[in-house]
1. Give the residue, chosen from Ser214, Ser225, Ser220, that is at pLDDT 95 or above, hydroxyl-bearing (Ser, Thr, Tyr) and away from the ligand (no atom under 12 Å from the Cβ).
2. Among the residues of region 120-135 satisfying the criterion of being out of contact with any Asp or Glu (no Cβ under 7 Å at 6 or more places or on another chain) and among the hydroxyl-bearing types (Ser, Thr, Tyr), which is surrounded by the most Cβ atoms within 10 Å (Cβ to Cβ)?
3. So which residues in region 183-196 are more than 11 Å from the ligand (Cβ to nearest atom) and touching a helix residue (DSSP H, G or I) at 6+ places or on another chain (Cβ under 7 Å)?
4. Would you tally the residues in region 161-185 being surrounded by 17 or more Cβ atoms within 10 Å (Cβ to Cβ) and either among the charged types (D, E, K, R) or over 16 Å from Phe270 (Cα atoms) (or both)?
5. Only one of these is assigned to a helix (DSSP H, G or I), hydrophobic (A, V, I, L, M, F, W, C) and in contact (Cβ under 8 Å) with a residue 60 or more places away in the chain: Ile145, Ile139. Name it.
6. Of all residues in region 292-308 being open to solvent by 20 Å² or more (accessible area, probe 1.4 Å) and either of a type outside the set (A, V, I, L, M, F, W, C) or out of contact with any Gly (no Cβ under 8 Å at 6 or more places or on another chain) (or both), which is nearest to the ligand (Cβ to nearest atom)?
7. Among what's in region 320-337 and is without any contact (Cβ under 8 Å) to a residue 40 or more places away in the chain and under 16 Å from Pro206 (Cβ atoms), pick the residue that is nearest to the ligand (Cβ to nearest atom).
8. Among the polar types (S, T, N, Q) and either surrounded by 14 or more Cβ atoms within 10 Å (Cβ to Cβ) or within 14 Å of the ligand (Cβ to nearest atom) (or both): does that describe Ser260?
Amino acid sequence: MRLRAIFQPDQREFVTMALTEHLARLKEIEAQAQADFTNAPGTKELYDQKVRYFGKQGSFSELMRVMGKLGPEDKPTFGKEVNETKQRLEALYNQQESQLKSQEMATRLAQEALDLSLPGPERSQGSRHPISLVINEVISILSRIGYSVRLGPQIEGDWFNFEALNIPPDHPSRDLQDTFYVDDHHVLRTHTSPVQIHTLLNEIPPLRVLAPGSVFRCDSDVSHSPNFHQIEGMLVDRKVSMADLKGTLSYFVKELFGSSLKVRFRPSFFPFTEPSAEFDCSCPICQGKGCRMCKHSGWVEIGGCGLINPKVLMQAGLDPLEWQGLAFGFGIERMAIIKYGVQDIRLFNENDLRFLRQFE
Ligand code: DAH
């Protein structure tokens, strides 16, 4: 370049001189940038340096402006130098960057070291509610002799809950104090027996059905909860008798509580069965010797049962001379209390984990 200056010792020399200066300045910038890139302690600082040299306000933008002012014969030389310098610096930058990145990753890994052999946080596992456990067990026992499940609505027409079951309007169970009325003609079902009616109206006998579910009565103390559970059983067939009822229920409680139990029927009254009975079994806690659970009687009540009242069958369009049926309705809480020795019925609804965990 200096040679060219000698050959053209006119005004051009000034520009040429300027070019050499610019080139020298370029060298200085490169040297400085090399030092800055190499000395940057981390990727962030390195990036700041990159902005300093290559950013909008950076040294290279300034060099571009210089180039704009150069004469056409110097532009290619200077341009080439600038480009090559830039490429070298970019290569250096990239090399530094990947080196710093891996250094930083190594420090982070060392600081955040995980002990993968540590056991994870313990996850508590859910379990079935005792009421569900009993419902499932009752279903499983009775499904072995041909019963299958039907579900009915919890908000029930009063015809289904009462009339169709032969419960007249003046019957005490209709009392406003016992029944939750939703409106003039709908109640929260007070028992699972209305599922008998739905089934009789919708299906053709012979039938063996079980209807578990929530029922509601306006009642609350140690042994009564406004929302409790029942399971209803119904069999409709030809030539059904009390012997079938007794055989079915003996099989059932022996499977549920143990084969050494005794069973008994006590005459009772339900509008939808005729005859009706209360069904008891010898106390599974004391084997009939007498304890707190059986109030020292040796017997515990399981629920009501009977042969379906012909009036109920006729309501559903069945001829009682051709078809007969047996039915039973048991309180699930009652069975759970006996099975698990629970003292207070309210525990079933309190969701106290100390209570529920005992059934895991
Ligand atoms: N529904 C009766 C109640 O809630 C229980 C009952 C008794 C159901 C006798 C029956 C039955 O199916 O035959 O008190």
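The values are calculated or read from the model by the stated rules, or taken from the named source; none is laboratory data. Note that the structure is predicted; figures quoted are calculated from it, not measured. Here the Cβ is made from the backbone with ideal geometry for all residues, glycine too, and neighbour counts use every protein chain on show. SASA here: full protein model, heavy atoms, side chains in, ligands and nucleic acids out. Shrake-Rupley method; radii C 1.70, N 1.55, O 1.52, S 1.80 Å.
1. After ruling out the rest, the residue left standing is Ser214.
2. Ser132
3. Listed by number, the residues that qualify are His185, His186, Val187.
4. Going through region 161-185 one residue at a time, the tally reaches 2.
5. Ile139
6. Within region 292-308, the match that is nearest to the ligand (Cβ to nearest atom) is Glu301.
7. Taking the candidates together, the pick is Pro320.
8. No: the conditions fail for Ser260.
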